[in-house]
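Data block below; observations after.
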Amino acid sequence: MKIACYIGSHKKDKPSVRLGWALVRFVQRGYFCNVTHVEAVLAEHDDGTVDIGSSSLRDGGVRIKQRVHLNPENWLIIDVPTFDRLRAVKWFKKHNGEKYDTLGAVASAVPFRLNSANKWFCNEAVGAAVGLNSPEIFGPAQFASVCATLGNLVLPKKEVKFSRGVIWSTQ
């Protein structure tokens, strides 16, 4: 199964949203410090679009989006063969419509737990969907690192320079 990790600039977002993503990037460490959001790729279509599942503040919580084009300039795609796509599809259908966990998202960057029952932030939802224990302890960068450790980077097929000078390349 594939996991999509957002590394875009958020230039189209409102200033308040851009500030939030800047704070996410500020507290994260490691190779994937620029990852601000993750999605589970639930289906791939012949036209290059995908169905994705995650939890999003912008969308109100857990949801599935169908036939989305993921711009390779903005997404790292990691294939994690040990993650079960059918399990993830079932999880997202079961939890569809549950609220976004703002406190949990904040708590993934601090040393104490604040997450709420039946609420989910992006990588907490994706992690739960693929069967990770305690997915609420990961931020997007940590979750991306776990996925890259277990799987293989599929996209991009070029170098990516992160804000802290780390370069990731599939060439």
Residues with amide H under 5 Å from that of Glu98, placed H, sequence gap 5 or more: Val62
³J(HN,Hα) computed for each position of segment 127-134 - Karplus, 6.51 cos²θ - 1.76 cosθ + 1.60, integer Hz, glycine/proline x: x, 5, 4, 9, x, 6, 6, 6
With a 10 Å radius around each residue's Cβ, average the other Cβ atoms per peptide and rank 142-152, 31-41, highest first. 31-41, 142-152
Accessible area per residue in Å² at 1.4 Å probe, computed on segment 48-92: 52 Å²
Using θ = phi - 60° and the Karplus relation 6.51 cos²θ - 1.76 cosθ + 1.60, list the HN-Hα couplings for segment 85-93 in order, rounded to whole Hz, with x at every Gly or Pro. 4, 5, 4, 5, 4, 4, 4, 5, 5
Report the calculated FRET efficiency for Asp84 and Ala117 (r = Cβ-Cβ distance, R0 = 41 Å), to the nearest 0.05. 0.95
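The values are calculated or read from the model by the stated rules, or taken from the named source; none is laboratory data. Since the model is a prediction, treat every value here as computed from it, not as a measurement. So basically every Cβ, Gly included, is an ideal-geometry build from the backbone, and we count neighbours across all protein chains shown. Note: areas computed on protein heavy atoms with side chains; ligands, DNA, RNA excluded. Shrake-Rupley method; radii C 1.70, N 1.55, O 1.52, S 1.80 Å.
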